Amino acid sequence: MSSEKTSPCLRLGLPKGTLQETTQKLLSRAGFDVRYSSRSYFPTIDDPEIECILIRPQEMARYVAQGAMDCGIAGHDWIQENRVDVVEIADLEAPWPNYTPIRWVLAVKRGSGFASVKDLAGKRIASEAVGLAERYFQEQGVTARIEFSWGATEVKPPVLADAILDITDSGASLRANDLEVIDVVLHSTPRFFANRDACADPWKRAKMEQLRLLMLGAIAAASQVNLSMNVPRDRLSKVLELLPALNTPTLAPLADDSWVEVTTVVHERVVREIIPQLADAGARGIIETALTKIVH
């Protein structure tokens, strides 16, 4: 009989579809090399303690709740749709495609005469999130006919449905199909969540906390850059006034005692505005560096 011990392993569910590419980018920035194969639902990852499974986000919460996976990444909306008991570890909202907030909205054809959810009593509602729609109408005290939509939901009113409950981010698709929003049902962002029993396991919980720390650190750094510069001491106060620092700027002496090195973290969108101002204030040798992680 072999006396070898089985190495511990964390089963991580990765979302297939619209979240897939951005999730790979997030994990890459967090320090993990994840690779997909067109013929496999088991992506490789350069961590022997993690096993990845590729699954549709619509199903992710159910499998995590059942224990088929220890943890996973999927939208808050699909956790709500599945009505399962899982532990949310982190909100992964990020300034990347498909990781920004989205809304589930109730929309009707413009000019339909439906102005509120109350007007939809007895009407047909098309939605991919049937459970979410049913609970919403129940909470509103309105009885309606909820029908599952296999896609292209926004084209269904007024012929195939009287209203839809669907996802939107910019609202462009709704406008293109002459639809108007009459209520916002849910706001959603991607979440990192886990099975309750897995969370009770000290090793698995520690591994998930490591993932959480690294992913949130990567997200925090996504829109920040590091600025360093040399500043004459007699111009230092003027330069510091211009810096919207994440934390107090770091000051370091230089070989020439009349100069000091200033290093700080700033939002990427303000860099093009403040670099000319810093130069005018006397800063020299200004260097902008991209950040990989910021751990608070």
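A short reminder: the numbers here are calculations on the coordinates, not readings from a lab. The structure presented is a predicted model; accordingly, all values stated were derived computationally and were not measured. Neighbour counts are summed over all protein chains in view; Cβ atoms, including those assigned to glycine, are modelled from backbone coordinates with ideal geometry.
Observations, loosely collected:
- Residues with amide H under 5 Å from that of Trp259, placed H, sequence gap 5 or more: Arg233, Leu254
- Per-residue 3J(HN,Hα) values for region 278-285, derived from phi via the Karplus relation 6.51 cos²θ - 1.76 cosθ + 1.60 with θ = phi - 60°, read 5, 5, 5, 7, x, 5, 9, x Hz in sequence order (x marks Gly and Pro).
- Ranked by the mean number of other Cβ atoms within 10 Å of their residues, highest first, the peptides 74-82, 189-197, 131-139 come out as 74-82, 189-197, 131-139.
- C-alpha long axis of helix 202-221 to longest principal axis of the chain, angle in °: 70 degrees
- Against the chain, whose longest principal axis is taken from its Cα atoms, helix 20-30 shows a tilt of about 30°.
- Peptides 106-115, 50-59 ranked from most to least packed by the mean count of surrounding Cβ atoms within 10 Å: 50-59, 106-115.
- Lysine pairs in the chain with Cα atoms under 19 Å, if 8 or more residues apart or on separate chains: 9
- Amide H partners (placed H, <5 Å) of Ala90, local residues excluded: Phe192
- Dipole magnitude for the chain: about 460 debye, using +1 per Lys or Arg Cβ and -1 per Asp or Glu Cβ, origin at the Cα centre.
- Helix-only [θ]222 nm of the chain, DSSP H runs n ≥ 4, -39500 (n - 2.57) each, per residue, nearest 500: -8500 deg cm²/dmol
- GNM flexibility winner over the chain from Leu254, Leu160, Leu240 (Cα, springs under 10 Å): Leu254
- Positive-end extreme of charge dipole, the chain - chosen from Asn177, Thr143, Cys199 (charges on Cβ): Thr143
- Neighbour cut-off at most 10 other Cβ (10 Å), DSSP loop, trypsin sites (Lys or Arg not before Pro), region 23-101: Arg39
- Gyration tensor (alpha-carbon) shape descriptor, region 154-296, a/c threshold 1.5: oblate
- Rounded to 5, the percent of DSSP beta bridges in the chain classed as antiparallel: 75 percent
- HN-Hα J in Hz across region 121-126 - Karplus 6.51, -1.76, 1.60, θ = phi - 60°, x for Gly and Pro: 4, x, 8, 8, 10, 9
- When the chain is treated as a GNM with alpha-carbon contacts under 10 Å, the residue of Thr44, Thr23, Thr143 showing the greatest mean-square fluctuation is Thr143.
- Amide H contacts of Leu54: Leu14, Phe42, each under 5 Å away and 5 or more positions distant or on a separate chain (H built 1.01 Å from N in the peptide plane; Pro and chain starts excluded).
- Here the Karplus curve 6.51 cos²θ - 1.76 cosθ + 1.60, taken at θ = phi - 60°, turns the phi angles of region 80-89 into couplings of 5, 4, 7, 6, 10, 9, 10, 9, 7, 9 Hz, with x standing for Gly and Pro.
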